Amino acid sequence: MDTVLLARLQFALTIGFHYIFPPLSIGLGLLLVMMEGMALWTRNPLYERMTRFWVKIFGIIFAIGVASGVIMEFEFGTNWAAYSRFVGDVFGSPLAAEGIMAFFLESTFLGVLLFGWNRTGPRTHFVATVMVAAGATLSAFWIVVANSWMQTPAGYHLVGAAPHIRAEITDFWAMVFNPSTLQRYSHVMMGAWQAGAWFVASVSALYLLRRRHEDFAKASINLALVLAVASSVGILWSGHASAVGVAEHQPVKLAAFEGHFDSEESASLCLFGWVDEKAERVRFGAGVPGMLALLLYGDPSRAVAGLDRFPRDLWPPVNVVFQSYHVMIACGMAMVGLAGLGVILAFLGWPVRWRVVLWLFVPAFLLPQIANQVGWISAEVGRQPWIVYGLMKTRDGVSEAVDAGQILFSIIGFSIVYLVIFAAFIAAMLKQIRKGPV
């Protein structure tokens, strides 16, 4: 058993499970602000009823998200001690900022949001809702800052001597706004808004199909569609900006995204296929000639760097990166199409006779979840073999004191615990959804 591989699998398991919940809480938090804002503006009790119902759902999601996220910080010390020593002086500041400026803000006002309906005035409660949503959004920023520094390090210098060399901050703001921070943060936020929007739209579509709480469902789905359409436009823009940034700072990752082995002019945008790494080609694929160069540089004849420009030991697992990247794009385009269908139905007043479209909306909450998961896979696996791009390789970041057997045992233990937690989460969610907006 390979200790490095098992350590990576364990972290993938823990962060993959955790990342189900933060996008939902961020997207649903913004929708709560929209719902409660409409309640204050229109004085329509329907919007207050909507807010009260979705706040209960938000509370469940937030609780599981916090519980599942704590374990990752312990993993840095147990499985990744060498990595933690190397990046600790850099990571300390954004993670501290996340705790002080974001998590405390979010958790402080969460009590008012959940339990303050009959204890505070409507405006005070609305302020609490805004603060919780702002805290979730700000928390995501500082986490993305830390992760983006691993992709495009900036504002640091190296001190010490091997094997105890470490990075120290020389320019805090250069570290915060490193070359990929804003591109990646905007893309993460669009994905989170999609997660919240399609979750609300899916539950609302189910109510419409069952002819339950129809006024509530129509109002909820209309607000969700506003966010879905806005984030669909935003995700196309942020995805393009991220790809351009990857081409500039991590060209080997972009080449893996597209299965682009040979540097060439008029490079094609690959739509699908299966990467044969031994033969260095994409089988069963189809592409649009010149489109990759056009999207990246605005010039379809410009050359795009392929994997052949880099040593093979610096290639990521190309097929894994290629497939995860293309699944992300497919899910994104499906959400754009569904949002367009939803706008048409909203104008028609959500006629139940269009049951096929409504049934498409019910499982649509899975699309942003899949896109978020495979998007992170393409980003993180795509930078391999580096754990900090260009500075530290993944194999050098693993703890020497932890062996493969211990990691395997903990993977089995975590898997069992996560299954129990997820089962409890699903049961709590289904109970609230069945109960409906009382």
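Overall, region 160-235 carries a charge dipole of about 380 debye about its Cα centre when +1 sits on the Cβ of Lys and Arg and -1 on the Cβ of Asp and Glu, all other atoms neutral. Shape descriptor for region 1-40: Rg over Rh equals 1.42 (Cα atoms; Rh from the Kirkwood inverse mean 1/r). Label-to-label distance, residue 424 versus residue 412, with points set 7 angstrom from Cα along the beta-carbon direction: 2.3 nm. Just name one of 295, 207, 179: the one whose Cα is farthest towards the positive end of the charge dipole of the chain (beta-carbon charges, Lys/Arg +1, Asp/Glu -1). Working it through, the farthest residue towards the positive pole turns out to be 207. In whole angstrom, note down how far apart the Cα centers of region 252-267 and region 13-33 are. Measuring centre to centre over Cα atoms gives 33 Å. Suppose a student asked you for the relative contact order of the chain, using Cα pairs under 8 Å spaced at least 6 residues apart; what percent would you report? Normalised by residue count, the contact order of the chain is 20 percent.
Each principal axis of the Cα cloud of region 110-257 was evaluated for its coordinate range; sorted largest first, these ranges are 66, 41, 24 Å.
If you place +1 on the Cβ of every Lys and Arg and -1 on the Cβ of every Asp and Glu, how big does the dipole about the Cα centre of the chain come out, in debye to the nearest 20?
On the way: 29 positive and 27 negative charges, 417 e Å.
Once rounded to the nearest 20, the dipole reads 2000 debye.
One Cα centroid belongs to region 126-150, the other to region 310-330; the line between them spans 29 Å. Averaging 1/r over each pair of different alpha-carbon atoms in region 306-407 and inverting the result gives 17.0 Å, the Kirkwood hydrodynamic radius. Against the chain, whose longest principal axis is taken from its Cα atoms, helix 21-42 shows a tilt of about 30°. Each part reduced to its alpha carbon centroid, region 46-111 and region 173-198 end up 16 Å apart. In the chain, a dipole from Cβ-located charges (positive for Lys and Arg, negative for Asp and Glu) runs towards its positive end, and of 325, 233, 198 it is 198 whose Cα lies farthest in that direction.
The residues of the chain expose on average 45 square angstrom of accessible surface per residue, using a 1.4 Å probe on protein heavy atoms. Each Cα pair under 8 Å and six or more residues apart adds its separation to the average, and for region 290-425 the resulting relative contact order is 26 percent.
Ignoring ligands, DNA and RNA, please state the percent of accessible area on the chain from carbon and sulfur, probe 1.4 Å. Please report the intermediate quantities before stating the final value.
On the way: 13400 of 19830 Å².
Accessible surface attributable to carbon and sulfur in the chain totals 68 percent.
Computing FRET efficiency as 1/(1 + (r/R0)^6) for residue 206 and residue 310, where r is the C-beta to C-beta distance and R0 is 51 Å, gives about 0.60. From the largest down, region 70-140 spans 51, 19, 13 angstrom on the principal axes of its Cα atoms.
For the chain, the longest principal axis of the Cα atoms and the long axis of helix 3-18 meet at an angle of about 20 degrees.
A dipole drawn for the chain from +1 and -1 charges on Cβ atoms has a positive end, and of 88, 436, 260 the residue lying farthest that way is 436. Against the chain, whose longest principal axis comes from its Cα atoms, helix 181-209 is set at around 40 degrees. Each 10 Å bin, from zero up to the one with the longest distance, holds this percent of the alpha carbon pairs of the chain: 4, 19, 29, 26, 16, 6, 1, 0.
Show me the trypsin sites (Lys or Arg not before Pro) within region 209-252 that DSSP assigns to loop and that have at most 15 other Cβ atoms within 10 Å of their Cβ. Mind showing how you got there, number by number?
Numbers: sites: 210, 211, 212, 218; in loops: 210, 211, 212.
Sites meeting the loop and neighbour criteria: 210, 211, 212.
The values are calculated or read from the model by the stated rules, or taken from the named source; none is laboratory data. Every value quoted in this text rests on a predicted model; they were computed, and no experiment measured them. Glycine also receives a Cβ, built like all others from the backbone with ideal geometry; neighbour counts cover every protein chain displayed. Accessible surface is based on the protein model in full, side chains and every heavy atom, while ligands, DNA and RNA are left aside. Shrake-Rupley method; radii C 1.70, N 1.55, O 1.52, S 1.80 Å.
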